[in-house]
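The values are calculated or read from the model by the stated rules, or taken from the named source; none is laboratory data. Bear in mind that the values here come from a model prediction, so they are computed numbers and not experimental data. Cβ: placed from backbone, ideal geometry, glycine included. Neighbour counts: every protein chain shown. These accessible areas exclude ligands, DNA and RNA; they are computed on the full protein's heavy atoms, side chains included. Shrake-Rupley method; radii C 1.70, N 1.55, O 1.52, S 1.80 Å.
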Amino acid sequence: MSKILLSKLLGLILSLSIIFFGLESSYSTLLFLIIMLTIGIPHGSVDHIVAFINPKARRFKSKFIFYLVYLSLIIANTILWIISPFIGLALFLVISCYHFGETQVIGFHNTSNKLLNFVVGANILLSLFLNNIIELQGILNVIPFFSEFDLSNFNRVFFLLVSVSVLMISVINFDIKRKVPLYAEITILYMIFYHTDLLTSFAIYFGFCHSLPMLILEFEEFNEKNIIKFYLKTLPFTILSLIFGLLLYIYDSNLFTNDNVILFIFIIISSLTLPHVFIMKDFVKDK
Amino acid sequence: MLNFIFDAASVEPGDFTGFTFFIGSVSMLAATVWFLMQHGQVDKKFKDSMLVAALITGIAAVHYFYMREQWVLTQTSPTELRYIDWILTVPLMVVEFALLTGVGMRKLFWLSVVMLVTGYFGESGIVGGEAWMWGLFSGAAYFLMAYEVGCLSLFGGPSGAVGNALNKGGGKIADGGRMLQWFVLVGWAIYPLGYMMGTDAGQWYEGMSSIPLDMNVVYNIGDAINKIGFGMAVWYAAKG
């Protein structure tokens, strides 16, 4: 069994345990933070190595230029969120759709079809949001037209049906080598999205279907023999990311969020994701 | 939140409907384990088929645990959970045909989208319109699917591309295919019946809901036969 499949199975077992044992929603923030800190952020914390280790990767002339570009993108994205949360969110969604889709199709098709990558990622995010849309409406109160939209006439079955229909239409209209397994895997995700809350859904998807498989690919690419040694390499930038989040919170805890912790976390993820996507785009080219 | 491992409510003696929910959940779980075990035994080209068969019963097992819980605690029909299960598993059953025959799933997927969406519109009433009209659309999509997979060919009638490929399949594919065609023709036909019983108010088929038959029992038996049987038919074709 491939290590990537094993990673996804781990996520499935965890999510089924959450569904079966009836984990209280108050634990979802804790679960989210644990997964983000141990898998989510570390998978992007070796970007500074990935950018130089892959011969086909975007060529930065020096480490200095790499850091300059990388940090500038993080800062620019954070400022964008301050100026316009709507544009910040839109940019995050567009980029995430591509990035999530690109890594999701690995093992089912090559990553060269950019439209397919985008559509697969868009399907996953669409389902994640539609299945938790009421919760999302509460979180995104900084976007007035969405928060005021009346959703009371629709029930959750309707949103699941929309997600599955869009997925079916997407899958049949693309030339994918392993169409059925891809469809089947995303179906399991949809079931998890329906039965768990937004944070848990995102944590499970992001942790076990996206970040852990990428961490495994990075580990293999690095040719490291010791996984602990590899993991230690992710620590400096994971800690720096935490400090970045902390500084942002100390700067003004109400500026973006009106005490909305989830939105605050989304802003941090969005800012860290933007430069990471460009590095990963080259990394997964031949995967 | 429901907790059916440590705090699961027990089915009361004499609660036959609750018992069928219980049987449904454990049989789906057992079938999932069986299909996963067989996944390693079949030829490489059938591995995806076995995995999908396990997935269908696995998803159903999760929802049957939920449904049993709701039934035991509230004695109300778990319609929403049932629909979630169907929305996720029906397209996967459709996929089995594509996997067995190699014929593209475009037509069957489109038809299953129409069948599910219109069926839901009719049951939920969220977009207005008469339930019989939505039921007609949904039923027409079901009929076209039955034609496409060759159900009519069981009686010497015409067949769509998938049915033709099944009938001409080598090994035990043709036998397995015939079982699948029977499942679609007979097994799936109970769902329109359930639809009519659930939406009969003010319709030309009013009175259907007064039939002295618990639809949950019919659905539970139907689901178990269709989902597990579907997987068994695929396994039968695969092991040949």
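For chain B, the relative contact order comes to 21 percent (Cα pairs under 8 Å, sequence separation of at least 6).
Ranking B:THR76, B:PRO192, B:VAL127 by how far each Cα lies toward the positive end of the dipole of chain B (charges on Cβ) leaves B:PRO192 at the top.
For A:ILE239 and A:ILE83, what is the calculated FRET efficiency with R₀ set at 25 Å and r taken between the beta-carbons, to the nearest 0.05?
On the way: r = 28 Å, r/R0 = 1.14.
Between A:ILE239 and A:ILE83 the formula returns 0.30.
What accessible area per residue, rounded to a whole number of Å², is obtained for chain A using a probe radius of 1.4 Å? Kindly include the intermediate steps, with their values, before the conclusion.
Working: 12560 Å² over 287 residues.
Averaged over the residues of chain A, the accessible area is 44 Å².
What is the average number of partner chain Cβ atoms found within 10 Å of a Cβ in A:159-169? Walk me through the numbers before you get to the answer.
Details: counts 0, 6, 11, 2, 2, 9, 10, 1, 3, 11, 4.
Whole-number average of other-chain Cβ neighbours for A:159-169 is 5.
Quote the charge dipole size of chain A about the Cα centre in Debye, to the nearest 20; the model charges only the Cβ of Lys and Arg (+1) and of Asp and Glu (-1).
Numbers: 18 positive and 17 negative charges, 236 e Å.
Taking the Cα centre of chain A as origin, the dipole is about 1140 debye.
If R₀ is 35 angstrom, what is the calculated FRET efficiency for the pair A:LEU71 and A:PHE174, using the beta carbon separation as r and rounding to 0.05? Each step should come with its number before you reach the end.
Values: r = 36 Å, r/R0 = 1.03.
In this case the efficiency is close to 0.45.
The A and B chains share an interface that buries close to 3100 Å² of accessible area, total over both sides, probe 1.4 Å. A simple spin-label model places the labels of B:ILE221 and A:ILE250 7.0 nm from each other, with each point 7 Å out along Cα-to-Cβ. Take each residue in B:86-92, count the other chain C-beta atoms within 10 Å of its C-beta, and the mean is 5.
Quick one: with all protein chains in place, what share of the accessible area of chain B is carbon or sulfur, to the nearest percent (1.4 Å probe)? Please report the intermediate quantities before stating the final value.
Values: 6770 of 10140 Å².
Carbon and sulfur together cover 67 percent of it.
The amide H of A:THR111, built 1.01 Å from its N in the peptide plane, has A:LYS287 as neighbours under 5 Å, considering only residues 5 or more places off or on other chains. Relative to the Cα centre, the charge distribution of the protein assembly as shown, modelled as +1 at Lys and Arg Cβ and -1 at Asp and Glu Cβ, gives a dipole magnitude of about 2420 debye.
Using the average count of surrounding beta-carbon atoms within 10 Å as a protection proxy, the listed peptides A:165-177, A:187-199, A:238-250, A:89-101 rank, highest first, as A:187-199, A:89-101, A:165-177, A:238-250. When a 1.4 Å probe is rolled over the protein heavy atoms, the share of accessible surface on chain A that falls to carbon and sulfur comes to 71 percent.
Assign one of three labels to chain B, namely rounded, prolate or oblate, based on the Cα gyration tensor with a ≥ b ≥ c the square roots of its eigenvalues; rounded applies when a/c is under 1.5, prolate when it is not and a/b is larger than b/c, and oblate otherwise. Mind dumping the intermediate values first?
Numbers: a/c = 2.10, a/b = 1.20, b/c = 1.76.
Oblate.
Stretched out straight at 0.36 nm per residue, the stretch from B:PHE155 to B:TRP204 would grow longer than its current Cα-Cα span by 14.6 nm.
Say the dipole of the protein assembly as shown comes from +1 at the beta carbon of Lys and Arg and -1 at that of Asp and Glu; which of A:LEU263, B:GLY170, A:ILE192 then lies farthest toward its positive end? The residue sitting most towards the positive pole is B:GLY170. Taken about its Cα centre, region B:16-239 carries a charge dipole of about 940 debye when Lys and Arg each add +1 at the Cβ and Asp and Glu each add -1 at the Cβ.
Enter the mean number of other protein chain beta carbons within 10 Å of the beta carbon of each residue in B:106-113, as an integer. Write down the numbers at each step before the final one.
Details: counts 5, 1, 2, 8, 4, 0, 3, 8.
Rounded to a whole number, the mean comes out at 4.
Farthest towards the positive end of the charge dipole of region B:135-240, among the residues B:TYR142, B:PRO158, B:MET208, is the Cα of B:PRO158, using unit charges on the Cβ of Lys, Arg, Asp and Glu. Work out the count of Lys pairs in chain B where the Cα-Cα distance is under 13 Å, with the pair 8 or more places apart or on different chains. Taking the Cα cut-off of 13 Å, the pair count is 4.
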